[in-house]
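The structure under discussion appears below in the form of structure tokens.
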Amino acid sequence: MAESETGDKAGQASVKTALRVIEIMEIYAREGRSLTLTELAKLLGAPMSSCLGLIRTLASLGYLYETGRRQGYYPTSRLLNIAQRISRNDPLLERVQPVLETLRDATGETVIFGKLQDDGRVLYLEVRESQNPVRYTATPGELRDVHINSIGRAILGAMTDAARDAALAKVSFQPRTGRTVASREALEREIAMWQQQGWYPNFGESFPDLGAIAVPVEIGGAVYGMSVAGPIHRVESSVDPIVAALLRGQDALRT
């Protein structure tokens, strides 16, 4: 076997192992309980032998602990502590977070800050959830289709024509609801209108009951998006004050 082929296979195995570790942590977040090796292997869709090796490694590194003899494993707080240290030292989020909190308090709705990835999807970087019992819930790290997401639309609107053409070439325009924009041509017409008004809506196009309004934000030469999202009836009835609050936040991040 050629040396390059051996290296490629080793690299693929390393990537697969890394993905498995992330999947294990996501399973714990979803299940919210101690899990036995058998349960983990089933939820992971992996052989028991592979799962055992991963669990033993994570336990030896202090990321999992055995909750009782043969009762299963659960994550320690080590991963949380690492994530908190990373978050505290993020210069972008340190700048953005106070603005998001002010915007959340002013509108009473959930506020999201995100960017467009190279694969054409919107990545949520930070979220400040509404304190209203009935609210839109999101978490950092979630991914959304660019053409039916208010943040994605705001970023598309701030792009050059060439960059927007490249981004829209990756979109399939599959309908999500009865309101979903049906074609690239229709979206481009709407983007031209939204550029004139300065804000970008999503009223029931990604989820039937969700309303969201976003504006683009340029920081350090990169374009991000900031949105206010909530139940569609509340957002549609409060467009003017929400837009005003978003524009204040946009101005605050420009300075």
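The values are calculated or read from the model by the stated rules, or taken from the named source; none is laboratory data. In this text the structure is predicted, and so the values were computed from the model without any measurement. Note that each Cβ is placed from the backbone with ideal geometry, even for glycine, and that neighbours are counted across all protein chains shown.
Here are a few things to note about the model shown:
- Of all residue pairs spaced 6 or more apart or on separate chains, those with beta-carbon atoms under 8 Å, a first member in region 83-97 that is in the same structural domain as residue 218 (by TED's automatic domain parsing) and under 24 Å from residue 254 (Cβ atoms) and a second member that is outside any helix (DSSP H, G or I) and of a type in the set (Lys, Arg) are 97/128.
- Test result for residue 66, surrounded by fewer than 17 Cβ atoms within 10 Å (Cβ to Cβ) and either among the basic types (Lys, Arg) or in a strand (DSSP E or B) (or both): yes
- Output for region 243-255, where each listed residue is over 19 Å from residue 122 (Cβ atoms) and not polar (S, T, N, Q): 243, 244, 245, 247, 248, 251, 252, 254
- Unique match (being in the same structural domain as residue 179 (by TED's automatic domain parsing), in contact with a helix residue (DSSP H, G or I) (Cβ under 9 Å, 6 or more places away or on another chain) and of a type outside the set (S, T, N, Q)) among 141, 62, 114: 114
- Hits in region 154-186 - residues which are charged (D, E, K, R) and not in a helix (DSSP H, G or I): 170, 176, 179
- Number of the condition not met by residue 102 [criteria: (1) without any contact (Cβ under 8 Å) to a residue 40 or more places away in the chain; (2) under 28 Å from residue 246 (Cβ atoms)]: (1)
- The residue that is nearest to residue 56 (Cα to Cα), among those in region 12-39 that are without any contact (Cβ under 8 Å) to a residue 40 or more places away in the chain and assigned to a loop (DSSP other than H, G, I, E, B), is 36.
- Residues in region 88-104 that are acidic (Asp, Glu) and either under 18 Å from residue 138 (Cβ atoms) or outside any helix (DSSP H, G or I) (or both): 90, 101.
- Residue-level analysis places residue 171 outside the set of residues that are farther than 14 Å from residue 243 by Cα, touching a His at 6+ places or on another chain (Cβ under 7 Å), buried (at least 20 other Cβ atoms within 10 Å of the Cβ) and of a type in the set (Val, Ile, Thr).
- Cross-chain or 6+ apart pairs with Cβ under 7 Å, region 140-169 first and in contact (Cβ under 8 Å) with a residue 12 or more places away in the chain, then part of a helix (DSSP H, G or I) and aromatic (Phe, Trp, Tyr): 153/194; 157/194
- Counting the residues of region 229-240 that are under 11 Å from residue 108 (Cα atoms) and assigned to a helix (DSSP H, G or I) gives 2.
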